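Asks: Pasting a structure here, questions to come.
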Amino acid sequence: MKFPKSYGGSLRPFLMVFGCVLFYFFGSALHPLWAVEKPTVNALLFYKPDCKECTEIISALLPKWQDQHGDQLKILAVNTASSEGGTLYLDAVLKINIPFSTRLPIVIIGNQYLGGAKEITKKLPTIIEEKLGQNGTKWPTLEGLPRLIANTPQSSGDTISFWVSDFRSNRLGRIKENTLNKLRSDPLGNSAS
């Protein structure tokens, strides 16, 4: 494209600089339009309050993994000692073909499961990384799970990434550092009702 000589020569350098400046200022405002969502790994953890291995996983390892992955890791811990938690657990065992002899804790991530603290400790970090590299995972298809997730309280600006569920009180809350102490002082979970 040729520009008239009355402009003192070519405007091409001026237009290129002007275009870059416009893109710099307005391009950043349009960033959310082409931003790619980060993959999220959704996992279920089945536990019992009187299970020592469950307590170790919940209080020591899950918070560490949560700190590493932030809002890209969502774990819902379900108490199998409650009637609704037990029903959800039985549905998971039947739909995912988990042998009844599999020890708690059990983590379901994607279409696979890990049973027992040793297997979870050894394999879960690698699986989380793999699944994040494969655009994450969805929640397992289990009856009652969508209702549980939908009823989870979330405050604005805060992504709750790790929940503990006790169906008896139908309360969900963020894991706290004192979980181990709570489980030791009330191993059967009687204080939540």
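The values are calculated or read from the model by the stated rules, or taken from the named source; none is laboratory data. Source: prediction; values computed, not measured. Glycine also receives a Cβ, built like all others from the backbone with ideal geometry; neighbour counts cover every protein chain displayed. Quick note on the areas: whole protein, heavy atoms, side chains included, nothing else; ligands and nucleic acids left out. Shrake-Rupley method; radii C 1.70, N 1.55, O 1.52, S 1.80 Å.
Asks: Sticking with the crude label model, points 7 Å out along Cα→Cβ, report the distance from Met16 to Lys122 in nm, one decimal please.
Replies: Calculated label separation equals 6.0 nm.
Asks: What translational diffusion coefficient, to the nearest whole µm²/s, does segment 75-121 have by Stokes-Einstein, given a Kirkwood radius computed over alpha-carbon pairs, a temperature of 25 °C and 0.890 mPa s viscosity?
Replies: Approximately 224 µm²/s, per Stokes-Einstein.
Asks: Under a 1.4 angstrom probe, counting protein chains only, how are Asp67, Asp50, Asp91 ranked by accessible area, largest first?
Replies: The residues order as Asp67, Asp50, Asp91, largest area first.
Asks: Between Glu129 and Ile96, what is the spin-label point distance in nm, taking each point 7 Å from the Cα along the Cα→C-beta axis?
Replies: Those two pseudo-labels are separated by 2.2 nm.
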